[in-house]
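What follows is one structure encoded as structure tokens, with my remarks underneath.
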Amino acid sequence: MNNLQMLKSYIKWYATSKNLHGVHSPFMYNFMDQCLYARQDKSIFEDIELQRARLIKNRQMLTFKDPGAGTRNGTTWKQSDFTSKSIRQIAKHSLQPPKYARLLHRIAGYFQCKNILEMGTSFGITTAYISKAVKDGNITTIEGVESIADIADGVFNNINCNNINLHRGVFSDVLPYVAVGTLPWDMIYLDGNHNGKDVLSYFSLLVKHINTEGVMIFDDIRWSPSMWEAWNEIKNHRQVSVTADLFFMGLVFFNPALSKEHFSLRF
Ligand SMILES: C[S@@+](CC[C@H](N)C(=O)[O-])C[C@H]1O[C@@H](n2cnc3c(N)ncnc32)[C@H](O)[C@@H]1O
């Protein structure tokens with residue numbers, strides 16, 4: 001979406017979005033109270049934020065083939081063949097800011113997730129946040145650019161994250177064998193390749209392997225018209241019960257005991 005479409009979309013979302021007092025579903029009320037809006041000690045993430053700060057200072061250039069949907073620039077986006085970006089640029093613009101990284105950490109903890117999949121590792125900053133919430137479980141994360149995955153590996157070593165399995169390769173190659181593990185996924189976080197058609201194909205595969213009490217999280221649901229269409233198709237899927245639209249991020253729950261309901265929540 002271009003900036004004007006995004007602004008219109010925000011106004012529409014804001015007008016219908018709720019805070020804690022506007023929600024009656026006990027499941028969603030408890031989630032908002034104890035997870036979405038929960039207060040948190042930020043000091044436990046200091047080691048990760050030091051890694052982010054170190055990356056933001058690094059002006060070394062990386063040249064790679066972008067495996068995602070390309071870059072959005074005002075009204076257009078393009079899939080480039082090879083692109084050159086500094087580590088600093090990627091660290092400043094492609095990673096979840098601390099507020100959202102902390103939310104992902106809280107979601108993993110609140111639902112006591114043990115088996116987590118992240119699509120789109122980048123430098124592993126958000127992976128590291130999630131890793132801190134998973135005491136006796138594992139995170140599988142997939143990154144399509146070798147040089148970026150190498151840096152993520154370094155981050156995981158520097159802060160002693162030893163519950164992360166990093167897979168290198170494009171999602172379409174890696175997912176078919178990674179997705180079908182013996183355990184269902186408790187949490188799946190998609191933060192790479194914002195092409196709606198591709199996202200739907202990942203969803204169709206992954207929905208067969210999600211725990212019924214699990215959660216899927218989609219980043220940048222309004223990034224492009226195709227992402228927005230994909231989000232709406234996902235909401236209507238028969239296995240999906242509850243969804244929460246946080247404007248930038250969409251949460252999807254599958255518990256069949258919950259009646260189908262779509263929320264827009266302020267965050
Ligand atoms: C937005 S970044 C992820 C940020 C990360 N989750 C964080 O917040 O710290 C998306 C990453 O996904 C990777 N990616 C995009 N499309 C991909 C694909 N089709 N296969 C594999 N990796 C892909 C990109 O190389 C990029 O590093």
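Throughout, read-outs are computed from the coordinates displayed, never taken from laboratory work. Just so we're clear, the structure is a prediction, and the values are computed from it rather than from any experiment. Positions of Cβ are backbone-derived with ideal geometry, glycine not excepted, and every protein chain shown enters the neighbour counts.
Want the number for residue 237 to residue 37: 0.36 nm per residue separation, take away the alpha-carbon distance, what's left?
In short, 69.2 nm is gained.
Within the range 153-180, whose backbone N sits under 16 Å from a point 7 Å along Cα→Cβ of residue 53?
159
Lysines within cross-link reach of residue 65: Cα-Cα under 16 Å, excluding same-chain residues under 8 positions apart?
Of all the lysines, those that pass the test against residue 65 - Cα under 16 Å, at least 8 places apart if same chain - are 78, 85.
Once you put a point 7 Å from the Cα of residue 92 and another 7 Å from the Cα of residue 182, both along the Cβ direction, what distance in nm separates them?
Modelled inter-label distance: 4.7 nm.
Out of the DSSP beta bridges found with both residues in the range 106-215, what percent are antiparallel (nearest 5)?
The antiparallel fraction comes to roughly 0 percent.
How far apart, in nm, are the 7 Å Cα→Cβ label points at residue 99 and residue 14?
According to this spin-label approximation, the distance is 1.3 nm.
First check a/c for the range 167-267, with a ≥ b ≥ c the square roots of the eigenvalues of its C-alpha gyration tensor; if it is under 1.5, answer rounded, and if not, answer prolate when a/b is larger than b/c or oblate otherwise.
Oblate, because a/c is 1.5 or more while a/b does not exceed b/c.
How long is the gain from residue 7 to residue 266 if the chain were fully straight, where each residue apart is worth 0.36 nm and the alpha carbon distance is subtracted?
Gain on stretching residue 7 to residue 266: 91.7 nm.
Kindly rank 38-48, 86-96 from highest to lowest mean number of other beta carbons found within 10 Å of each residue. If you can, show how the numbers build up before the last one.
Values: 38-48: 12.3, 86-96: 16.4.
Packing proxy ranking, top to bottom: 86-96, 38-48.
Rounded to whole Å and ordered largest first, report the semi-axes of the equivalent ellipsoid of the chain derived from its Cα gyration tensor (root of 5λ).
27, 22, 19
Given a cut-off of 19 Å, name the pairs among 208/235; 18/208; 12/99; 42/132; 99/208 whose C-alpha atoms lie farther apart than that in the structure shown.
Pairs exceeding 19 Å: 18/208; 12/99; 99/208.
Starting from the amide H of residue 255, placed 1.01 Å from N in the peptide plane, find each other amide H under 5 Å away whose residue is 5 or more places distant or on another chain.
Amide H neighbours of residue 255: 241, 242.
Among the DSSP beta bridges whose two residues both lie in the chain, what percent are antiparallel, rounded to the nearest 5?
Antiparallel: roughly 40 percent of the beta bridges in the chain.
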